[in-house]
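Written out below as structure tokens is the structure these notes cover.
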Amino acid sequence: MDDGADPVALVCVRDSRRFGLQVLSRSTAAAAAPGSGELSFPRDRIDSGDRAARTLRRCYDLTGAKARRLLGHEMRPAQAMGCWVAAARVLLAATGLLFAVKGERRIPVQRRVPARERQVLTGSGQDLADFLIREQLYCDLGRLFFFTQWVDPGSSHVTRFFLVKVPDNLRSPGAVWHVPEKALLLWRDGDLLLDFETFACLRTLTDFSSCDSLLAEYRAR
């Protein structure tokens, strides 16, 4: 099996003054008719460019040793770091948001990429690396936190989920924000479809009242 074939999913979270913790869904049906459709998290498969040396050289705040320790020692360091790169691509594709640093002093940069440019930049890790090199940026992988993983018993592929906090004022076409508790109630009433992985992630998120408490838990790990 190609070790780059495993998917990566991104659980984008933000705080809401009215509801508390919210998550980003890629459900377009829910956008057209709130309270209906299917909720799932943005995802993509890891490709060879995500773990290529030239890509990893444009990354910041994560080492291969740390990534391997968090995901499992059976993975190679570059392979483990590639999971974070894929998650950064998913974030860029879903929201247009890229966390990066620039210059020798590694000054934080929050880049918003217009929708018309995202497809080119998120097609592969090599495309992302080309963009980072051209813009003299380093992708800030420290803003992404490993959340959980699920093994598909039918194929043995592992889907790895990452957490990222996004700005409260983010507006992204086709994206719908859900409160975890409300999404689970809609699922209970038959108004929203959830696969088991999404259900389990949402259930875990209901234990937290804010992004800060959630990320503090996974940052400590």
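The values are calculated or read from the model by the stated rules, or taken from the named source; none is laboratory data. Owing to the predicted nature of the structure, the values given are computational and were not obtained by experimental measurement. No Cβ is skipped: glycine too gets one built from the backbone with ideal geometry, and neighbour counts run over all protein chains shown.
Taking Gly96, is it within 29 Å of Lys182 (Cα to Cα) and in contact with a Ser or Thr (Cβ under 9 Å, 6 or more places away or on another chain)?
Yes: the conditions hold for Gly96.
With the condition kept exactly as written, say whether any residue in the stretch 154-176 is in a helix (DSSP H, G or I) and touching a residue at least 60 places away in the same chain (Cβ under 8 Å).
Checked against the condition, which is being in a helix (DSSP H, G or I) and touching a residue at least 60 places away in the same chain (Cβ under 8 Å), the stretch 154-176 yields no hits at all.
Can you tell me which residue among Pro77, Pro114, Pro153, Pro108 is modelled with pLDDT of 95 or more and loosely packed, with under 14 Cβ neighbours inside 10 Å?
Only one candidate qualifies: Pro108.
Mind listing just one residue for me: the one in the stretch 122-134 that is over 14 Å from Asp44 (Cβ atoms) and either free of Cβ contacts under 8 Å to residues at least 24 places away in the same chain or within 17 Å of the chain's Cα centre (by Cα) (or both) and, of those, surrounded by the most Cβ atoms within 10 Å (Cβ to Cβ)?
Taking the candidates together, the pick is Phe131.
Give the number of residues within the stretch 106-133 that are part of a helix (DSSP H, G or I), of a type in the set (D, E, K, R) and within 17 Å of Arg57 (Cβ to Cβ).
Matching residues across the stretch 106-133 total 2.
For the stretch 40-74, give me each residue that is in contact with a strand residue (DSSP E or B) (Cβ under 9 Å, 6 or more places away or on another chain), acidic (Asp, Glu) and surrounded by 20 or more Cβ atoms within 10 Å (Cβ to Cβ).
Asp50
Looking only at the stretch 182-216, which residues are loosely packed, with under 15 Cβ neighbours inside 10 Å and either touching a Gly at 6+ places or on another chain (Cβ under 6 Å) or among the acidic types (Asp, Glu) (or both)?
The answer is Asp189, Asp195, Asp207, Ser209, Asp212.
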